[in-house]
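The structure appears right after this line, and notes come after that.
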Amino acid sequence: MTADRIVVVGAGVAGLATALRLAPLPVTLVTAAPLGEDTATAWAQGGIAAAIGADDAPALHAADTLAAGAGLSDAGIAGIVAGAGPGLVDWLVGLGLAFDRGPDGALALGLEAAHSRRRIVKAGGDATGAAVLRTLARAAAACPSITVTVGRATALAQDGEGRVTGLVLRTDRGALDLPARAVVLATGGLGGLYRATTNPAGAVGAGLALAARAGAVLRDVEFVQFHPTAIALRTDGPLPLATEALRGEGAILVDAAGGRVMAGIAGAELAPRDVVARAIARRTGRGEAVFLDARRIDVARRFPTVAALCRGAGLDPAVSPIPVRPAAHYHMGGIRVDGCGRSTLANLWACGEVAATGLHGANRLASNSLLEAMAFAVRIAADIRGMDAPAAGAGRGP
């Protein structure tokens with residue numbers, strides 16, 4: 001390993017997209033599990049929000065993002081990310097991702113909560129995250145400038161002035177030092193810390209801890225989004241998800257007697273996630289059960305992932321409503337970064353859920369997470385390219 005190498009930590013959509021965008025610069029991609037495994041990306045049932053419909057525009061997408069963020073989103077960042085959506089969809093198509101399409105061959109656009117237009121691009125109905133992950137992992141495996149190393153990061157290496165100079169890694173062969181001129185953290189969120197979560201158990205905020213111990217500034221760490229409709233199979237641990245797109249296609253929330261849970265609430269089932277989650281939590285906090293009634297939808301055909309999860313639990317959504325409850329889903333806070341993904345530490349960038357870009361504010365708009373990660377991967381790669389490559393052993397700030 002040399003000091004000219006770039007280290008990217010994390011192999012979900014954020015890490016893979018960043019590594020690919022950095023090509024042909026030499027990149028070591030550090031992953032805690034074999035490529036394509038144990039990432040939140042693979043669990044993402046939603047899609048990618050992109051303003052590509054005839055009645056849509058990036059400005060409308062940005063406006064919806066700001067509204068969902070409860071006044072705390074950065075308008076400039078929202079405009080940048082929304083504007084990148086159509087091009088990022090084209091990039092994935094170019095990599096071989098087969099998005100869902102209508103009878104006319106055009107991309108099928110779904111609707112999710114707090115979106116004013118149908119703009120959710122999907123693959124495999126409700127398996128978009130897994131499809132994106134497979135596509136990017138395949139491209140990364142074929143990219144000669146990317147070397148994959150399996151291990152767990154334990155510390156950021158720094159020089160006497162606090163600049164990041166590499167990564168300390170624990171592997172099956174022992175400790176490993178990876179000198180680097182740039183480190184990109186793409187380690188995901190912290191939902192695994194919660195009793196009920198839709199995240200993998202390994203999502204425990206490891207990247208936040210690495211950055212904080214090195215002296216990086218964190219931002220908005222108090223903002224954790226709870227997804228309203230985790231499938232209530234148990235009281236704790238990772239819970240399977242009933243995608244928000246079900247409500248976008250007409251599924252409704254009901255109590256045990258069939259009464260509408262969202263009656264009288266602005267937006268009803270398509271209100272922002274925090275509004276829907278609180279409405280459900282008020283009921284479950286009183287000991288009531290809440291269900292997602294999707295019987296009017298052909299779940300088996302249109303949402304095969306949800307259908308399979310239900311079958312595994314002995315449920316048939318065509319016959320009975322699905323029991324649901326809120327669960328920790330996404331961390332809007334993270335390592336504070338600027339519009340190029342730079343942290344407050346020289347030579348350290350962050351991408352994806354571990355980063356706080358200002359896009360999400362207090363509440364992430366549905367299907368903006370994969371979009372944000374890919375949009376910032378482009379910006380981070382461009383920023384790192386603008387650095388002068390140092391001589392081996394020499395640190396240099398961006």
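A few comments on the model shown:
- Remark: spin-label model distance A98-A75 equals 4.4 nm, labels positioned 7 Å along the Cα→Cβ axis.
- Amide H within-cut-off set for A196, under 5 Å, with H built and near neighbours excluded: G237, A328
- Per the Debye calculation on region 1-137 with a single equal scatterer at every Cα and no solvent contribution, log₁₀ I(q)/I(0) for q = 0.11, 0.15 Å⁻¹ amounts to -0.46, -0.83.
- Taking N as its residue count, the alpha carbon Rg of the chain over 2.2 N^0.38 Å: 0.97
- The value for region 225-328 of Rg(Cα) / (2.2 N^0.38 Å) is 0.97.
- Ranked list, fewest to most other Cβ atoms within 10 Å of each Cβ, for I146, I380: I146, I380
- Region 142-199 and region 291-322 have their alpha-carbon centroids 38 Å apart.
- Kyte-Doolittle at least -0.5, axis length at least 18 Å by Cα - qualifying DSSP helices, the chain: 75-94, 128-141, 369-385
- Sorted ascending by nearby beta carbons within 10 Å, beginning with the fewest, D255, D55 become D55, D255.
- Going from the residue with the fewest nearby Cβ atoms within 10 Å to the one with the most, R379, R282 rank R282, R379.
No value in this document is a laboratory result; all are computed from the given coordinates. Just so it is clear, the structure is predicted and the values come from calculations on it, not from any experiment. Note that we place each Cβ from the backbone using ideal geometry, even for glycine, and neighbour counts take in every protein chain shown.
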